[in-house]
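Participant: This is the structure, below, for whatever I ask next.
The values are calculated or read from the model by the stated rules, or taken from the named source; none is laboratory data. Since we're looking at a predicted model, the values are computed, not measured. Positions of Cβ are backbone-derived with ideal geometry, glycine not excepted, and every protein chain shown enters the neighbour counts. Surface accessibility is based on the protein's heavy atoms, side chains included, excluding ligands, DNA and RNA. Shrake-Rupley method; radii C 1.70, N 1.55, O 1.52, S 1.80 Å.
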Amino acid sequence: MTHTFHKIDIDGRILAALEAGEGEPTVVLEAGMGDSYNIWQHIQPALANLTRTISYDRASVGQSQFASDKRTCQDCVQDLASLLRALNINSPIIIVGHSFGGFIGRLFSHTFPDKVCGLMLLDSPHEDVFPALQGTYRACELPAHDITEPDWLTLTRHERAQLLDPSYPDNILNSEGIRLAECYAQMRAIPNLESLPITVVSAGRRCRCRDQGADGVVAEVEVQLEQTWREYQTKLLELSTNTTHIIATQSQHYIHEDEPQLVVDAISKMIAQTR
C-alpha cells in the first residue's frame, strides 16, 4: 500500500492531507467538526487496499493552518475542491462524511455533481433535527441541583442549557470557527441530489447517559432524544432517489471507531457499485 503525507498550499494556507492507495474512484474521508485526519485510522488503511483514499485536516484543525473564524460549509467545500485539484484528482469521488463532515459532503455533491459518484453519511445530522431536540429539552424538568449529583445528570444539564440558549447554535465553541446557523441554512437551500447513490449509516446506541447509569427523567429524556434523532435520520433518505439506510446497532456517534468493519464493508460495497 502506497501512502504520502502532503502539506499543500491552498490560497496561501497549508492543508495537511494523507493520501493512501491507488485506483478509482477516490474515497474522500471528511471528518466531524474539530477532528483530525487520524480519526480515520481504523478505516483508511483497509480502504487503501482497494482504491485511492484521501483524509485531511480542514483549516484550523490538526496540522493545517488557521483560517477565518467566520467559516461556513461553503468555505470548506471550496477548500476541498482546491485540495482535489492540487492532488490531480479529476475522476469522480466517493465522499464519506461523519457528523458535520456530512454537511460538507452534501454541499460538495450539490456544487460539483459531476465530481461525485457516491456519498456516505455517518451519523450526520439532519439540519432540522435540532429544533426538535430543543422541544424535548424544553418540556423536561430536571431534578434540583445537588453537589453530589452523578456526572450524567450534570452532562444533561449542560447539554440542555446549551441547546436552549438564545444564541444556539453559535454558542457551540469549535476550533474551526464554523458558523453553524449559516451552515444549517445552506443545507436547507440544497435541493435533492437526484439519483446520487447515498448510504446513511446511523448510530444505534445514542445512550451515553444510560450507559453511565442514568435513570428517571434523564433516562426518559435520552430515549426521546434518541427516537427523534432516528426519525430525522430517515429524513436523510429523501436526499436522493437512490438511498440505503444502515443501522450500526453497536455504535454511538463515532461509528467508524465503534464498528470500523461495518463502515469499511459499506464503503467497499459502494466502491464496487460505482465501478
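Participant: Using Cα-only point scatterers and the Debye equation, what is log10 of I(q)/I(0) for the stretch 96-251 at each q in 0.09, 0.21 Å⁻¹, rounded to two decimals?
Facilitator: -0.34, -1.39
Participant: If you don't mind, there's one more thing I want to ask. Before rounding to the nearest 500, sum -39500 (n - 2.57) across all DSSP H runs of length at least 4 in the chain and divide by the residue total; then give [θ] at 222 nm in deg cm²/dmol.
Facilitator: Numbers: 10 runs with 108 residues, N = 275.
The helix-only estimate for the chain comes to -12000 deg cm²/dmol at 222 nm.
Participant: Which three lengths, in whole Å and largest first, does the stretch 180-248 cover when its Cα atoms are put on their principal axes?
Facilitator: That gives 44, 28, 14 Å along the principal axes, largest extent first.
Participant: How big, on average over all directions, is the shadow cast by the Cα convex hull of the stretch 114-172, in nm²? Don't jump to the answer; show the numbers that get you there.
Facilitator: Values: hull surface 25.4 nm².
About 6.3 nm², averaged over all directions.
Participant: To continue, here is another question. Of all the Cα-Cα pairs you can form in the stretch 1-140, what percent are over 27 Å apart?
Facilitator: Numbers: 1862 of 9730 pairs.
The calculated P(r) of the stretch 1-140 puts 19 percent of pairs beyond 27 Å.
Participant: With contacts defined as alpha carbon pairs under 8 Å and 6 or more residues apart, what's the relative contact order of the stretch 186-243 in percent?
Facilitator: 62 percent
Participant: Here's another thing I want to ask about it. How much of the accessible area of the chain, probe 1.4 Å, is carbon plus sulfur, in whole percent?
Facilitator: Values: 5890 of 12330 Å².
It is 48 percent, rounded to a whole number.
Participant: Distance in nm between label sites at residue 6 and residue 74, each 7 Å beyond Cα in the beta-carbon direction?
Facilitator: 2.5 nm
Participant: Still on this model: Can you list the lysines whose alpha carbon sits under 24 Å from that of residue 269, skipping same-chain ones fewer than 8 residues off?
Facilitator: Excluding near neighbours in sequence, the set is 115, 235.
Participant: Residues of the stretch 177-275: accessible area per residue at 1.4 Å, in Å²? Each step should come with its number before you reach the end.
Facilitator: On the way: 4880 Å² over 99 residues.
Per-residue accessible area for the stretch 177-275 comes out at 49 Å².
Participant: Placing one identical point scatterer on every Cα of the chain and ignoring solvent, what is log10 I(q)/I(0) from the Debye formula at q = 0.11 Å⁻¹?
Facilitator: The Debye formula, applied to the Cα set alone, gives -0.63.
Participant: OK, next. On the principal axes of its Cα set, how long, how wide and how thick is the stretch 52-129? Give whole Å, largest value first.
Facilitator: Result for the stretch 52-129: principal-axis Cα extents of 33, 32, 20 Å.
Participant: Not counting the cut sites, what is the longest span of the chain without GluC sites (Glu not before Pro) that DSSP labels loop and that have at most 15 other Cβ atoms within 10 Å? Write down the numbers at each step before the final one.
Facilitator: On the way: sites that count: 22, 141, 194.
Longest run free of exposed loop sites: 23-140.
Participant: Here is a further query. Just to confirm the number: angle between the C-alpha axis of helix 129-139 and the first principal axis of the chain, 0 to 90 degrees, nearest 10?
Facilitator: Tilt of helix 129-139: around 10 degrees.
Participant: Could you tell me which of rounded, prolate or oblate describes the stretch 159-275, using a ≥ b ≥ c as the square roots of the eigenvalues of the alpha-carbon gyration tensor, with rounded for a/c under 1.5 and, failing that, prolate when a/b is larger than b/c and oblate otherwise? Could the numbers behind the result be given before it?
Facilitator: Details: a/c = 1.99, a/b = 1.27, b/c = 1.57.
Since a/c reaches 1.5 but b/c is at least a/b, the shape of the stretch 159-275 is classed as oblate.
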